[in-house]
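What follows is a single structure, written as structure tokens, with notes after it.
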Amino acid sequence: MSAPGTDPSATMTSGKEVLKRIEYSGEMLVNMGPQHPSTHGVINFLVQTDGEEMTRAIPEVGYLHRSIEKIGERCEYAGFMPYTDRVDYIAAMFANQGWAMACERLFAIEVPKRAEYCRVIACELNRIASHLISVGTMAMDVGAVTPFPYALREREFINDLLEELCGARLTYNYLRIGGVAFDLPDGYSERVLRFVDHFEKVLVEFDRLITQNRIFVERLRGLGVISRALAIDHCLVGPNLRASGVDWDLRRDLPYSAYPDFEFAVPVGTGAVGKTGDAWDRFWVRTREMQESCRIVRQALQKLPEGPVMAKVPRRLKAPEGTDAFSRIESARGDMQYYVVAGPGEMAHRLKIRTGSFNAMGIIEKLSRGIMLADLVALIASLDVVAPEIDR
Amino acid sequence: MSAAATAISLSLSTIAKTSNPRSPEQLVDGLLRARGIEASSPLSTLAMVAALLAIAFIVVNCAAIAAGIFSWLERRIAARMQSRVGPNRVGPAGFFQWIADAVKLLLKEDLIPEGANVHLFRAAPYFMMVGFACTFVALPFSHALIAADLGVGVFYLLAVTAFVVVGVLASGWSSNSKWSLFGSIRSAAQIVSYEIPAGMALLVPVLLAGTLSTQGIIRAQGGWPWQWFVFHDPAALAAFFIYFISALAEGNRAPFDLPEAESELVAGYNTEYSGMRFSYFFLVEWGNMWVMSALATSVFLGGWQLPGLDAARFDALTGGAAIGLEIVSLALFALKTMSLVFVIMWLRWTLPRLRVDQLMSLCWKYLVPVSFAGALFVAGWMLVVRAAPVLDLLMRGALTALGALVVTLFVRRTLSNVRDVGDRLDVRGNW
């Protein structure tokens, strides 16, 4: 198990070995999960603990593995789109977009400008919805129950808007290779703007209720500090990376879709209440990102160009065998990557999806040493891991 | 509350005749004497036992029904706070939800997990229930309504409240579940620690009144806010808050609900329970809200004292006036207590939870030293005001004014928030 020259306990991952080790140590091994209210899906944590203080927590992933990548190699390019919804059902629009972009690069399809704008609007609304779940459940894991229904209430409005757009409230299947399935309905801009106006006020309320709450800050300050170097070492992405002080956002630094047309800030953790990269910073970065998403949605609605929402796409999508394409997008959970190699027929030969949550799971064991049991729950929540995205 | 109404109807008829019944014994004694039965006869002993059993029955049911109603009330209040509707199907505004829940829980299977310590597992909820029901013996409801005005009232209340911890520990340990064990160990540490500041804070009104009896402490106060012990001096004000915080912690209420922290421990010490035994734990939790609020009301907020009517004149009243004012004093006591209960619910649905080390440091580093210093300060202050009584008046006046100022500022803030929210505020809809 262990590489030479390293502390064997640092790389140990098997539950059986842990059991053997702690047999005589007087410590306790508790299974936190796979059915536990705070693991955010079907994940198991082997918690080695001495009373309230933990020695470590070892994440066990794989309970939600559905072989989505393999399915991608057994169905046609366009037919795989609904499956991508299930990669990350909290933020399905991004998983759609990653696949659409990878295929568009594979088949050299130019997406119309209006379709790109529709994608940005849908994705940013979805980002707000996803972050609302994240901050709401994080508050709930720290014991504040009320912010969660508030967050879900706002998310319902977004679900209504997205349902109007594509007919679905969770697994949208809105994007198509070469554009989007439907144009914005009549009067959509006004309804989205009304929501954004309302939501920006709610964010202020939300900050007053929980973000600046003394007990909440005390619980999260200095918890699970991920330094800049550690974050880069563990390949963290998205809000988790930015909270550690790394100013990196694909929407700005490797621009794609229509993002170069918009002005927005990239919030970066500053350690306002504790150390840079602590759990509070991760929470705070998400609340600020919701604000920025509102700005982007406003600009996109303002600049929305006329035109078609679908490119001319051949009926049979086929690329020379062995050609490959790669796409990176900034999902709600960070850098999401699709790598696809074309197969002989109308199916991919190989598909690989890289998601943020999987890497975030890797850092939990390191951060969990010596913290309290209650802190583990807050730590998992602060990394915003989503079980289906870990396992795929 | 409805049980309190039953209790009052039982004793009202006698209150009209015997002007000042201080205890059930005196009450029954008075009744028997009125019928010409001497205290020495065996019939009298039998009647006394029967009466005490009846009172015990009323008290236990009163506690249970209060807890049941609170379960409905809390769910409705929480729902309003969270922009939800809450239970609104069973009866008017969903009021009978608690009865429906109780019936459901009674009919559920009483599961005992494999490997559990069966006898302890079965007994644990009763420990909780007994500790909780015993508190109602010494809790006043109004001027005359109290099961037994014990001479050691406050001491007794503290003692039987601590009994709950036995049930918590027993349930957690006997469940043979690590999560339950976590919950019960947390709870034991928490309850034992917070008993110290709670006890020291209660010492302040005891010092001021010179008695441990709950009715005695209420009688030492008055009806107007400046006559309450909470506004007597700064240490008493601090003691009120310390008692309130400690009571929250002892009752396992948020932000101190670590023993049943559902996001960490699934459900805490009662994880493995089901059916009726499970409902006992919740009965105790909700009922404890009344207990802690009623005690705080009695010793700090003037209890049932009516403004402008001192206790001695109240005692002297007979007939219709006595009955009428008795009901008013009961209503006033209930109003004060319910306000505190509402604050407890409000805190629960607003605040995050403390971590176990923060909980302990709050208790041992802040509450315990402050409560000890407060008790000393009050002792000194009593000597000072004995020498210069005008200081007493000034201090009470200043603190009451401060309290009024805080309330005014709070109301203004609330109104300005309501204005900010504008048409998103919906108080009347969706009941």
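Bear in mind these aren't lab numbers, they're just calculated from the coordinates by the rules spelled out. Remember, it's a predicted structure, so these values are computed and weren't measured experimentally. Cβ: placed from backbone, ideal geometry, glycine included. Neighbour counts: every protein chain shown.
Observations on the structure shown:
- Interchain or long-range residues, amide H under 5 Å from A:Lys275's placed H: A:Gly222
- Sorted by Cβ neighbour density within 10 Å, fewest at the top, the residues A:Glu289, B:Glu195, A:Glu263, A:Glu205: A:Glu263, A:Glu205, B:Glu195, A:Glu289
- Whole-number percent relative contact order across region B:221-301, with pairs defined as alpha carbons under 8 Å at least 6 apart: 30 percent
- Sequence ranges A:183-189, A:120-126, ranked by mean other-Cβ count within 10 angstrom, highest first: A:120-126, A:183-189
- Remark: the protein assembly as shown carries a charge dipole of roughly 800 debye about the Cα centre, counting +1 on each Lys and Arg Cβ and -1 on each Asp and Glu Cβ.
- Fewest neighbouring Cβ atoms within 10 Å first, the residues B:Phe278, A:Phe216 line up as B:Phe278, A:Phe216.
- Other residues with beta-carbon under 15 Å from the beta-carbon of B:Asp101 carry, at +1 per Lys or Arg and -1 per Asp or Glu, a net charge of +4.
- Options B:Met289, B:Asn252, A:Val246, ranked by Cα towards positive dipole end of the protein assembly as shown, top entry (Cβ charges): B:Met289
- Computed from backbone phi with θ = phi - 60° and the Karplus coefficients 6.51, -1.76 and 1.60, the 3J(HN,Hα) list for region A:225-235 is 5, 10, 6, 3, 5, 5, 4, 6, 4, 8, 6 Hz; x is used for glycine and proline.
- Fluctuation leader among B:Lys336, B:Lys108, B:Lys178 - chain B, Gaussian network, Cα springs under 10 angstrom: B:Lys108
- Shape call, chain B: gyration tensor on alpha carbons, a/c limit 1.5: rounded
- Other protein chain C-beta atoms within 10 Å of residue C-beta, averaged over A:28-35: 2.
- Point-charge dipole on Cβ atoms (K/R +1, D/E -1) for region A:68-391, about Cα centre, debye to 20: 280 debye
- Rounded if a/c under 1.5, otherwise prolate or oblate - region B:224-376, Cα gyration tensor axes: oblate
- In sequence order, calculated HN-Hα J values of region A:36-44 (Karplus, 6.51, -1.76, 1.60; Hz; x Gly/Pro): 9, x, 10, 8, 6, x, 8, 10, 10
- Here the Gaussian network model covers chain B, with springs between Cα atoms less than 10 Å apart; of B:Asn117, B:Asn417, B:Asn270, B:Asn417 fluctuates the most.
- Helix-derived mean residue ellipticity, 222 nm - over the protein assembly as shown, DSSP H n ≥ 4, -39500 (n - 2.57), to 500: -19000 deg cm²/dmol
- Normalised contact order of chain A, rounded percent, pairs of Cα under 8 Å and 6 or more residues apart: 26 percent
- Close Lys pairs in chain A, defined as Cα atoms under 27 Å apart and 8 or more places apart or on different chains, number 13.
- In sequence order, calculated HN-Hα J values of region A:355-360 (Karplus, 6.51, -1.76, 1.60; Hz; x Gly/Pro): 10, x, 4, 4, 5, 5
- By average C-beta atoms within 10 angstrom, highest first, the peptides B:72-79, B:48-55: B:72-79, B:48-55
- Per-residue Cβ neighbour counts within 10 Å put B:Thr161, A:Thr323, A:Thr287 in the sequence A:Thr323, A:Thr287, B:Thr161, beginning with the fewest.
- Computed over chain B: relative contact order in percent, which uses C-alpha pairs under 8 Å that are six or more apart: 21 percent
- Top of B:Val356, B:Val230, B:Val60 by mean-square fluctuation, Gaussian network on chain B, Cα under 10 Å: B:Val356
- Taking every residue in A:146-155 and counting other chain Cβ atoms within 10 Å of its Cβ, the average works out to 3.
- Cα gyration tensor, region B:242-301 - rounded (a/c under 1.5), prolate or oblate: oblate
- Within 10 Å of each Cβ in B:350-362, the average number of Cβ atoms from other chains: 6
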